[in-house]
Amino acid sequence: MKRVAVFIGGRSPEHDVSVVSGLQAFQAMDRSQYEPFLVYVTLGGAWYVGEALEQRSTYIPGPEMLRNLTEVTLDMAVDTMGKGRLIPKKSGFFSKVQPISFDIAFLSFHGLFGEDGGFQGLFDVAGIAYTGMRTMGTSVLMDKAATKRIMTGTGVPMLPYVIIDRPKTGMPNAVAIQEKLGKINLPVIVKPAHLGSSIGVARAATVEEIVASLPAIFKLDHQAIVEPFVENLVEYNVAVSACMGELRT
């Protein structure tokens, strides 16, 4: 069976979303084909493994729970025949804790520091197989403005948009925002340009509401993207099915 390291959590503001979707993927994996285990990345960037991570009620783990987990780091040697290996940072008093090997990294990160090419590049350097797009694809598609520019001319329908940069001091005023909007009609959706779809998203029916939404967004990102609001929009979430399909291939 393939041993699968399911990476969850991370340093992103979408940490909790990653935990929930990662646990769903972990629970959905066919145990007759895969042997999954969880690797929890804390908000501070530390990596932990342990059976206690399988309990959703334990997140976010506190100091007491972390003491019952094993902190690990990634072995960056490229002579492990394509397998990943996690090295415990502390060994037992009487015996050395053995490295934890795995065949593939299942990345269940959301947003920055995981879904934006960082972990993908890390595993590329280490020669470890992982799910999802490669480094360039993930880094480009996490930048909504870059994605729009790349898709221009491909024939794929896209909404018009404007980018609002975080100023060095103060906040943009209503007059400046109105000029930015140009032909984009209200209401609009305002959101961070480099995060996922679950944090910092606001619907604005007036220019003043756009201005009011920016401080929260600029705490998370240096750019906001503004697009027309789409009535009766239907979203299809096929994350678990898509990820499992990726894993099978």
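Observations
- For the chain, the mean residue ellipticity at 222 nm estimated from helices alone is -8500 deg cm²/dmol, where every DSSP H run of n ≥ 4 contributes -39500 (n - 2.57) and the total is divided by all residues, rounded to the nearest 500.
- In this calculation the C-beta distance from Arg149 to Gln24 is compared with R0 = 41 Å, giving a FRET efficiency of 0.80.
- Among 100-112, 43-55, 16-28, 149-161, sorting by the average number of other beta carbon atoms lying within 10 angstrom of each residue, highest first, gives 100-112, 16-28, 43-55, 149-161.
- Available extension along the chain between Lys89 and Ala216 is 42.0 nm, counting 0.36 nm per residue and deducting the alpha carbon span.
- Seen from a random direction on average, the alpha-carbon convex hull of the range 95-144 projects onto 4.2 square nanometres.
- The trypsin sites (Lys or Arg not before Pro) of the range 1-55 that meet both conditions, a loop assignment by DSSP and at most 13 other Cβ atoms within 10 Å of the site Cβ, are Arg31.
- The length gained by stretching the chain between Ala205 and Asp165 to full extension, at 0.36 nm per residue less their Cα-Cα distance, is 12.4 nm.
- Residues of the chain: accessible area per residue with a 1.4 Å probe, Å²: 56 Å²
- Point-to-point label distance, Asp103-Arg31, nm (Cα→Cβ direction, 7 Å offset): 1.8 nm
- Across the chain, the relative contact order, built from alpha-carbon pairs under 8 Å that are at least six residues apart, equals 17 percent.
- Just the protein heavy atoms count here, and of the accessible area of the chain at 1.4 Å, carbon and sulfur take up 56 percent.
The values are calculated or read from the model by the stated rules, or taken from the named source; none is laboratory data. Since this is a predicted model, take the numbers as computed values, not measurements. Virtual Cβ from ideal backbone geometry, glycine too; neighbours counted across all protein chains shown. The protein model used for the area step is the full one, side chains on, heavy atoms only, and it has no ligands, DNA or RNA in it. Shrake-Rupley method; radii C 1.70, N 1.55, O 1.52, S 1.80 Å.
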